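J.: Dumping the structure here so I can ask a few things about it.
The values are calculated or read from the model by the stated rules, or taken from the named source; none is laboratory data. If you're wondering where the values come from, they're calculated on a predicted model, not measured in any experiment. All Cβ positions, glycine included, derive from the backbone under ideal geometry; neighbour counts span all protein chains shown. With ligands, DNA and RNA removed, areas are computed over all heavy atoms of the protein, side chains included. Shrake-Rupley method; radii C 1.70, N 1.55, O 1.52, S 1.80 Å.
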Amino acid sequence: MMLKTITMQWTGDSLILIDQRKLPHVVENIVCKSYEEVAQAIKDMVVRGAPAIGAAAAFGYVLGAKQFSHLKGEHLSKAMQQVHDTIARTRPTAVNLFWALKRMHEKFLASQEQDFVRALEEEAMKIAQEDIETNRSIGRHGQTLLKDGDTILTHCNAGALATVDYGTALGVIRAAVENGKRLRVYVDETRPYLQGARLTAWELVQLGLETILICDNMAGWVMKQGKVNAVIVGADRIAANGDVANKIGTYTLAVLAKRHGVPFYVAAPTSTIDLNVEDGSQIPIEERSHTEVTHVGNMRIAAEGVKVYNPAFDVTEHDLVTAIITERGIVRPPYEVNLKHIVEVEP
């Protein structure tokens, strides 16, 4: 079984990931041949974006199964629990990571050791293929919200690089263009890791879209000038009440959009909706290395000795979200009712 997209390639005995830390200057792949290497790649943001993390975790679980396929009984069960736990510790906020690992671990427990490696590989491939189909469905639903000539503002990267392929927020933009709509896109640089400047701008330019890169703190002024028709972002976790955890800076955009009467849309698969979390206050927020703030690349820009606070995500309250675009349709308030319905409805 083989998989090949811009984000990842599955060869059967290794997971090849495009190194997103080096884009757009260098297009380079990293080859992961063990579950430990996949876990490290997720932690180091070689691969990032909630759906892509989930798929990478699934293939990492398969590599763990291959590593421990010689074991039997309790020894095998303990080893696979270790695989699960090692990968689960990498990124605490993105719920797709835990969703994919739970699905893989349940498949392992149900396999009763009979050709369990093959069963797990098939499940990982299914997760990857479903993600591609899901993103295209998100795009089909979301593009109906956009008009010909609209200008969209987006934050961080929710494109093909953040998924197995196609993208969530950028998938909506892509689908609109594929339906003949002419769009312009403002891209926040997305400090401190610059996923907007490095990744989203790169993707959109490759697609031939008119792309305007702006500093994060320009967004309010651009909205005030009437240059933005809609904001579309992705999500790493959505609580049962519609609160959204996404890349730091998303909350600020939502407040600005509300102030200026600009629709604020979140595009995410239903696997990102966590009905076990009542509201955003219960979502764990990852804090990353201080060097992401004090340095740009390998160059220090901050004074020695300065203290740093570097949460990777923030939480946008549900009353700031105009609609949530999923593969099963567009969800509007009241989110407590409608998110539960769309998650539980048969796909």
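J.: Can you pull out the residues in the stretch 68-95 that are outside any helix (DSSP H, G or I) and open to solvent by 70 Å² or more (accessible area, probe 1.4 Å)?
T.: HIS70, LYS72, ARG89
J.: For the structure I just gave you, tell me whether TYR251 is open to solvent by 10 Å² or more (accessible area, probe 1.4 Å), of a type in the set (Phe, Trp, Tyr) and in contact (Cβ under 8 Å) with a residue 60 or more places away in the chain.
T.: Against the criterion (open to solvent by 10 Å² or more (accessible area, probe 1.4 Å), of a type in the set (Phe, Trp, Tyr) and in contact (Cβ under 8 Å) with a residue 60 or more places away in the chain), TYR251 qualifies.
J.: Another question about this same structure. Going by the structure shown, is VAL62 hydrophobic (A, V, I, L, M, F, W, C) and either open to solvent by less than 10 Å² (accessible area, probe 1.4 Å) or not in a loop (DSSP other than H, G, I, E, B) (or both)?
T.: Spelling it out, VAL62 is indeed hydrophobic (A, V, I, L, M, F, W, C) and either open to solvent by less than 10 Å² (accessible area, probe 1.4 Å) or not in a loop (DSSP other than H, G, I, E, B) (or both).
J.: Which condition from (1) over 30 Å from ALA201 (Cβ atoms); (2) under 20 Å from the mean Cα position of the chain (by Cα) is the one that LEU120 breaks?
T.: (2)
J.: Name the pairs whose Cβ atoms lie under 6 Å apart, with the first residue in the stretch 268-289 and free of Cβ contacts under 8 Å to residues at least 60 places away in the same chain and surrounded by 18 or more Cβ atoms within 10 Å (Cβ to Cβ), the second outside any strand (DSSP E or B) and charged (D, E, K, R), and 6 or more positions between them or separate chains?
T.: GLY280/ASP243
J.: How do the pairs read when you match residues in the stretch 166-185 that are open to solvent by 10 Å² or more (accessible area, probe 1.4 Å) and part of a strand (DSSP E or B) with residues anywhere that are modelled with pLDDT of 95 or more and among the polar types (S, T, N, Q), using Cβ under 6 Å and keeping only pairs 6 or more apart or on different chains?
T.: Pairs found: ARG184/THR151.
J.: Something else about it: Would you please name the residue that is least open to solvent (accessible area, probe 1.4 Å), looking only at residues in the stretch 317-347 that are basic (Lys, Arg) and in contact (Cβ under 8 Å) with a residue 24 or more places away in the chain?
T.: Going through the qualifying residues, I end up with ARG328.
J.: Next up: Within the stretch 43-59, work out how many residues are assigned to a helix (DSSP H, G or I) and either more than 15 Å from the chain's Cα centre (by Cα) or small (Gly, Ala, Ser) (or both).
T.: Of the residues in the stretch 43-59, 8 are assigned to a helix (DSSP H, G or I) and either more than 15 Å from the chain's Cα centre (by Cα) or small (Gly, Ala, Ser) (or both).
J.: Would you mind stating whether ILE132 is closer than 22 Å to ALA235 by Cβ, open to solvent by 10 Å² or more (accessible area, probe 1.4 Å), in a helix (DSSP H, G or I) and in contact (Cβ under 8 Å) with a residue 40 or more places away in the chain?
T.: Yes, satisfied.
J.: Shifting gears a bit: If you take the residues in the stretch 312-347 that are in contact with a Phe, Trp or Tyr (Cβ under 8 Å, 6 or more places away or on another chain) and in a strand (DSSP E or B), which one is nearest to GLY261 (Cα to Cα)?
T.: This residue is ALA323.
J.: Another question, then. When GLY329 is evaluated against the numbered criteria (1) within 17 Å of the chain's Cα centre (by Cα); (2) farther than 20 Å from ALA245 by Cβ; (3) not polar (S, T, N, Q), which criterion, by number, is the only one it fails?
T.: For GLY329, the failing item is (1).
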